[in-house]
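Below you'll find the structure, written out as structure tokens, and then a few comments.
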Amino acid sequence: MKNHNICLLKLYDIYPSLNKATKKVAKYILDHPEKIFKMSIVELAKICGVSTFTIGKLCNELSLKGYKEFKIELFNRVPLISLKNIHEKIMFNDNSMDIAKKVCSSHIQALKSTLSCQDQVVLSKAIDMLSQAGKILFFGFAGSFRVAFDAEHKFFRLGINCYALSDSHMQVMYSALLNPSDVVIIITNTGRSKELVETIKIIRTTKAKIITITSHTQSPIAKLSDLVIGVKATETAYRNEPMEVRICQLYIIDILFVGVALNRKDIILENLYKTRQSLEIKRV
């Protein structure tokens, strides 16, 4: 925890759910956290082009009593780390080793941040839910689908019927055939996909359970889910969607897989032996 600023992580988490005015303030704080310490509420309001009331409202969204408490939370409770240290910018004159170090650093930081925001109760419930599932579906689009496909590759070895789907039409049809004992894991960075929101409505009619893995735990999809597991990664200037998101999503999938495997250890050991034996004919 000592290497993470929980206040900034919370601010990033609620950002998508904020209105236009409070988003202006949140963005400035996320971009320039080191400037806030010497800045009064009036100065911050002027720079952001909002009222002091708006800043107070943002503090309330963070469950804080006001701007003064926000500054204390930001600087005293947890040591401040500049976002530049979380996601270092790649420079044009960086050599391959510079890039390797920076990418490694940002991946490690994202994993640590993701670990810091985990709730043991939520993880335990998710593992128990998956251990008892009759069928598991993994839904995701674009880069998130690659994580869903990796999850299918892992979980089928547990003796559970599971499928990874990226086509919205197939997702809807599979969802319509779910049973109350089934579980759907939705993997999404923003948690705002219209297709997935519509699919969830169908899942709800079957009483199957929904677990969402997302960077935004207050997003529309998260609010419609039974369980939400957050990941923490921040965008940078040189890519639209942070590569760290994928790493953190894979990390969560691995946590769930290992947890379910421990609950089904007799089956997993037998299945691992069978699959390894079957692969021998594919090797030279």
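The table that follows gives values for the structure above.
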{"item": "The chain: angle of helix 52-61 to the longest principal axis, Cα-based, in degrees nearest 10", "result": "30"}
{"item": "Centre separation in Å (Cα based) which lies between segment 38-53 and segment 170-213", "result": "42"}
{"item": "Whole-angstrom gap from segment 3-35 to segment 258-281, using each part's C-alpha centre", "result": "44"}
{"item": "Rounded to 10°, Cα long-axis angle of helix 20-31 versus longest principal axis of the chain", "result": "90"}
{"item": "Met170 versus Arg276: modelled label distance in nm, points set 7 Å from Cα along the beta carbon direction", "result": "3.1"}
{"item": "Cα-Cα over 24 Å, subset of Lys10/Lys68; Lys23/Lys112; Lys194/Lys223; Lys20/Lys65; Lys102/Lys223", "result": "Lys23/Lys112; Lys102/Lys223"}
{"item": "Folded to 0 to 90 degrees: helix 120-131 orientation relative to the chain principal axis, Cα", "result": "20"}
{"item": "Contour excess over end-to-end distance, with Cα ends at Val197 and Ser124 and 0.36 nm allotted per residue", "result": "23.8 nm"}
{"item": "Label-point separation, Met97 to Lys207 (7 Å along Cα→Cβ), nm", "result": "6.2"}
{"item": "Bridge type composition, the chain - antiparallel percent by DSSP, nearest 5", "result": "5"}
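Throughout, read-outs are computed from the coordinates displayed, never taken from laboratory work. In this text the structure is predicted, and so the values were computed from the model without any measurement. Cβ: placed from backbone, ideal geometry, glycine included. Neighbour counts: every protein chain shown.
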